[in-house]
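Remarks on the structure that follows.
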Amino acid sequence: MSTFVMGCTRAYRCIARAFPHQYRAICGDGLEQLGEDVVPRVWQQHGVAGLIRLFADLAWRLPCEYLFTWIGRLKEATMTDDLFEGTWRARQGEPSQWKVDHPAPQQAFLRFEPTDTGYLMVAYGVVNGEACAERPQAIIAVGRRRPLLDLSDRPIPGMLTGAITFGSKPDSQTLELGSEVDGQVLVAGRYEVSADGKTLTVTNKGTGLKGPFEVVMVMERVVR
């Protein structure tokens, strides 16, 4: 191997070592080894022009990888860790209060998806051996009161005329919501995430369309 090619190989290794630590941790010593393998071959097949293109590509990748690393760190620094976001499942064997006029579900799930004003909440599960799901509910957690409508801003079948809904988030672990009509509470709900973010305690009570009810349920996180 000529002195020129050996010098080019050493230069390639030096540049390879200048890449960000995270990038090199993924590649290991593969990038440096690549120089030892590729430089002689490029020299043999393409001469000086090939080496110029090889080093130009390496020089282009170096600042790009630093830019991607900084962007990743910035995203991590500004990312909010929403404790409610994700899917929750009723804990099996956990004693729950279920004072309603229909059977308790064998399986119950809640899914919270963050929105600009709060969350989209979806409840589903298994009742009497059959899969079922409730109407997705938009939770406005900024204290604003609004008519109780579906996601398309249309009246909900069977809902009392003039019903309004409201919600608030007193702290990062607590979500409160409810609905009422003419001062009568239809639903009052409270959702509390444990300090370790692993369990969610759901408390719902009110009069409802089918009479008084009360539900207290402990859920565990399935996936964020």
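The values are calculated or read from the model by the stated rules, or taken from the named source; none is laboratory data. Please read these numbers as outputs of a predicted model, since none were measured by experiment. Here the Cβ positions follow ideal geometry from the backbone for every residue, glycine too, while neighbour counts run over all protein chains shown. Ligands, DNA and RNA are stripped out before the accessible areas are found, and what is left, the full protein with its side chains, is counted by its heavy atoms. Shrake-Rupley method; radii C 1.70, N 1.55, O 1.52, S 1.80 Å.
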Residue among A108, A56, A77, A16 that is part of a helix (DSSP H, G or I), of a type outside the set (K, R) and at pLDDT 85 or above | A56
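Rundown of residues vs (1) buried (at least 18 other Cβ atoms within 10 Å of the Cβ); (2) on the phi > 0 side of the Ramachandran plot; (3) among the polar types (S, T, N, Q); (4) free of Cβ contacts under 8 Å to residues at least 12 places away in the same chain, yes/no style:
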position	(1), (2), (3), (4)
A108	yes, no, no, no
E113	no, no, no, no
Y119	yes, no, no, no
L160	no, no, no, no
Q184	no, no, yes, no
A195	no, no, no, no
Those residues that are under 20 Å from L148 (Cβ atoms), charged (D, E, K, R) and either out of contact with any Pro (no Cβ under 8 Å at 6 or more places or on another chain) or in a loop (DSSP other than H, G, I, E, B) (or both), I need them from the range 165-204; list them, please.
-> K169, E180, D182, R190
Applying the selection to the range 176-221, what residues are among the hydrophobic types (A, V, I, L, M, F, W, C), closer than 19 Å to I140 by Cα and over 30 Å from the mean Cα position of the chain (by Cα)?
-> V181, V185, L186
Taking the range 133-151 as the region of interest, how many residues are open to solvent by less than 70 Å² (accessible area, probe 1.4 Å) and without any contact (Cβ under 8 Å) to a residue 24 or more places away in the chain?
-> 6
